[in-house]
Structure formats: C-alpha cells, structure tokens
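Right, one structure below, let's go through it.
The values are calculated or read from the model by the stated rules, or taken from the named source; none is laboratory data. Since this is a predicted model, take the numbers as computed values, not measurements. Using ideal geometry, Cβ is built from the backbone for each residue, glycine included, and neighbour counts are taken over all protein chains shown. For the accessible areas, the whole protein counts, side chains as well, though only heavy atoms, and no ligand, DNA or RNA atoms are used. Shrake-Rupley method; radii C 1.70, N 1.55, O 1.52, S 1.80 Å.
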Amino acid sequence: MSRLDIAIDGESLITPDSIASEVFSSTDPIRDGELEEARAAMALHLRVAEQQFQQDGDVGQTMLRLFTAMNAVRNRYSPKVWEQVIPIAQNHAVARYCHEDPFTRWSFEKPRGYSGDAGLLDFIYGHSSVQPLLDAASPLGKAIHGFVSQAPACAAVRERRDLLAQFVDDVASSRGGEAEILTIAAGHLREGSMSQALKDKTIKRWIALDQDPMSVGAVASEFHGTVVEAVNGSVGTVLKRAQSFGTFDFVYAAGLYDYLADEVAIKLTQRCLQMLKPHGTFLFANFADEIPDDGYMETFMNWALLLRSEEDMWRIMRAASEGLDVECTIRFGQNKNIVYGIIRKLS
Ligand SMILES: C[S@@+](CC[C@H](N)C(=O)[O-])C[C@H]1O[C@@H](n2cnc3c(N)ncnc32)[C@H](O)[C@@H]1O
C-alpha cells in the first residue's frame, strides 16, 4: 500500500501513530545531550505542576503555567526529541489530574478509536450532549475544563463554526435559493444550527459527509426534515467518486486538513475544485503553526495535528489550482490560531 493509499483511508489516517509519523518527522539534527536536557526540563515542569495541584492552589494559574511550559519545551527541542519526551508527561501524575477534565480525558482515550471525533468537538462547542460528563466531573476536573475549553485553540474552533455558518449564509443569499453546499468531514455539522439560511429554507442542497457512521447518524437525526443530507464517506470516497456528488457553490472542510499530509491535501483540493460550479468557492481550515496549546494537546490530550503556516497553505493552494482560473486568498481567525485557505473560481 502506498503512503497515499494509507492516508486516504478514513480510519488509519487519523490514529495517533499515523499522524505522529507526519507531525514529528523532521530532519533537524539532534544536538549532543539534547534529549537528556529535554527530559530534565520536562521532569522539572511536571514536578512543579504536581506540587501546585497538591497544594490546591489556583487551578487557572497552574494550568496556564503547564500550558506555557509544554509549549516552551515543544518549541525549544527538535521534533524528534519532543516526541520522545511526550510519554514522560503522559505517564506522570500530572496526567491523572488533567484527565479529571472529561474533555482532556476523551481526547486522550479516543473512545471512537481516532483523534478529533465530533463528540470531542462538542466539548469545545459547549454542546448539551456533553453536559452529563461535565456534571459528573470532580471539582478539579471542572476547573481544569474551565481553563482548557477557554484556551486559544478552542476559542478559534468556536469562531470557525460561526465563520462557516456565515459563509454558508452568504453563499445562500448570493444564489437566490439555489445554493448547493458540500461539507467534507462534517462531524456533527454544528454550524448547521447557526445558519439562518438553513432555518429560512433558502438552501437547495447541503451534503454533510463524514467517515464516522455515528456522526453521520447524529447529523441525519438532528437535521431530519431539512435539506441536509448526511452521507457516510471518507476523503477516499471524494477522491474516487467525486462525480457522483454533482457540483456545488460552496465546498469546505474544517478540522480535516490538520490530519492530511500535503500530498493528500493537494489531491483533495484539486478534486474539490473540480466539484465547484462556476464562481463557486472552496475553503479549507487548518490550525496555524504557532498555537500556544500545541504542547498540552500533544501530551495530555494525545492530539497531534499537522499545524500549517501561511506559506504551507499557499503551497497547497498553488499546487492544487495550477492552470485554473481562480483567485486564492488566505485569512486568519481573530486569534490567529486557525488559518483559512479560500479558492474562488473566477469563471
Ligand atoms: C475535528 S472533527 C471536525 C468536525 C467538523 N468539521 C467541525 O468543525 O466541528 C474531524 C472530523 O473529520 C472526520 N474525518 C477524519 N478523517 C476523515 C476522512 N478521511 N474522511 C472523512 N472524514 C474524516 C472525523 O470523523 C471527524 O468528524
């Protein structure tokens, strides 16, 4: 099986191991003594955090210090060294404290067998479906959740949902009731409930595709009686039989490219552009490469993502749109934790 075949398989694509091989791949040489130094730094930070938890101090302060420390160790050492010190954090007593937060624990345990499932995102959205788990958490777990769910990456994800709903509404209003939309890796399609156009029934067709049958079932029941059509399918499905979906005014993917190596990201983008009607828009979102939450996410949440710079986004857009009559733009969310690549067909 080629790397591309593996990567487009919806399930193997997003296991921590498969993603780690991409995320932590680096040709940076490892300095003499770098690993020992990183181990010592990690052990020290964890010891301080453990003491702070034991002393029952201000949880927000403890978490802020922990987030800052994990980010600093991650940035200071080469990815290969960082990868080797992650298990120190994951096996430390501090991890047990962090896992009292049901969101952090869900991410770490991966109840659906892969990272970043729609149930996990519901903690970020503050959706009522996760409230029983939050209610059952310890006071410390609740306090940790209060911090983690307000961290910049989570704020950016909530803004992303709102931006997507706004894009959908704008496309709908410009197409006079004829708008056709395709969401790839839709998860629970939470932006759907924010869309005024969906409420007003001014969208003609909205396909919400995801590789997880449980999420597809959830979308089918939540949006029953609307134009939303929940479809079980993966990136592989889009690459192999895009024609069967028809064409769209707006195609987008959020929370997906962070798991796709460039090679697959470019192929998927090309295919999405082929599915656009004249003057249609394609949008993909990716976490930016300098997010303060990365160290905490990769250790205590075991949630590694392919973070991308503006240049990384341009590289995908340029490669995918070569020879096409399109306009490419990049925009950031407010706190710059998420970057958006937008490609508009000009004819
Ligand atoms: C982080 S969630 C994002 C969900 C939603 N777009 C949102 O923003 O809330 C990632 C979603 O991508 C889906 N996914 C992951 N790999 C996929 C693939 N290869 N094909 C289709 N969906 C995939 C997962 O099932 C999950 O629902």
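Within the range 136-145, the set of residues being under 19 Å from residue 293 (Cα atoms) and either part of a loop (DSSP other than H, G, I, E, B) or open to solvent by 40 Å² or more (accessible area, probe 1.4 Å) (or both) comprises 142, 143.
Contact map, the range 198-227: residues that are touching a residue at least 24 places away in the same chain (Cβ under 8 Å) paired with residues that are part of a helix (DSSP H, G or I) and among the aromatic types (Phe, Trp, Tyr), Cβ distance under 9 Å, separation 6+ or inter-chain. Pairs shown: 207/245; 209/245. For the range 191-200, the tally of residues that are under 14 Å from residue 180 (Cβ atoms) and of a type outside the set (Gly, Ala, Ser) stands at 1.
Okay, residues lined up against (1) within 14 Å of the ligand (Cβ to nearest atom); (2) outside the structural domain of residue 105 (by TED's automatic domain parsing):
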site: 122; (1), (2): yes, no
site: 133; (1), (2): no, no
site: 139; (1), (2): no, no
site: 180; (1), (2): no, yes
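One line per residue, one yes/no per condition, for (1) open to solvent by 10 Å² or more (accessible area, probe 1.4 Å); (2) within 30 Å of residue 98 (Cβ to Cβ):
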position: 123; (1), (2): no, yes
position: 126; (1), (2): yes, yes
position: 129; (1), (2): yes, yes
position: 134; (1), (2): yes, yes
position: 147; (1), (2): yes, yes
position: 155; (1), (2): yes, yes
position: 183; (1), (2): no, no
position: 199; (1), (2): yes, no
position: 208; (1), (2): no, no
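Search the range 58-78 for residues being open to solvent by 40 Å² or more (accessible area, probe 1.4 Å) and of a type outside the set (Lys, Arg), and hand back the single one that is nearest to residue 306 (Cα to Cα). My answer is 75. Checked against the criterion of being hydrophobic (A, V, I, L, M, F, W, C), within 14 Å of the ligand (Cβ to nearest atom) and open to solvent by less than 10 Å² (accessible area, probe 1.4 Å), the candidates 297, 275, 313, 301 yield just one match: 301. Residue 48 fulfils the conditions (1) crowded, with 21+ Cβ neighbours inside 10 Å; (2) in a helix (DSSP H, G or I) except for a single criterion, (1). In the set 255, 246, 225, 217, only one residue is within 13 Å of the ligand (Cβ to nearest atom), modelled with pLDDT of 95 or more and at positive phi; that residue is 255. Say whether the condition of being in a helix (DSSP H, G or I) and over 26 Å from residue 256 (Cα atoms) is met by at least one residue in the range 161-177. Checked the range 161-177: at least one residue is in a helix (DSSP H, G or I) and over 26 Å from residue 256 (Cα atoms).
Does the range 138-152 contain any residue that is among the hydroxyl-bearing types (Ser, Thr, Tyr), out of contact with any strand residue (DSSP E or B) (no Cβ under 8 Å at 6 or more places or on another chain) and over 20 Å from residue 187 (Cα atoms)? Yes; the residues of the range 138-152 include at least one that is among the hydroxyl-bearing types (Ser, Thr, Tyr), out of contact with any strand residue (DSSP E or B) (no Cβ under 8 Å at 6 or more places or on another chain) and over 20 Å from residue 187 (Cα atoms). When 255, 217, 187 are checked against the criterion of being closer than 21 Å to residue 124 by Cβ, assigned to a helix (DSSP H, G or I), assigned by TED's automatic domain parsing to the domain that holds residue 273 and in contact with a strand residue (DSSP E or B) (Cβ under 9 Å, 6 or more places away or on another chain), 217 stands alone in meeting it.
Residues that are open to solvent by 10 Å² or more (accessible area, probe 1.4 Å) and at pLDDT 95 or above were ranked within the range 282-294; the one that is nearest to the ligand (Cβ to nearest atom) is 287.
Filtered by the rule that a residue be within 16 Å of the ligand (Cβ to nearest atom), open to solvent by less than 30 Å² (accessible area, probe 1.4 Å) and assigned to a helix (DSSP H, G or I), the range 89-120 gives 103, 104, 107, 118, 119, 120.
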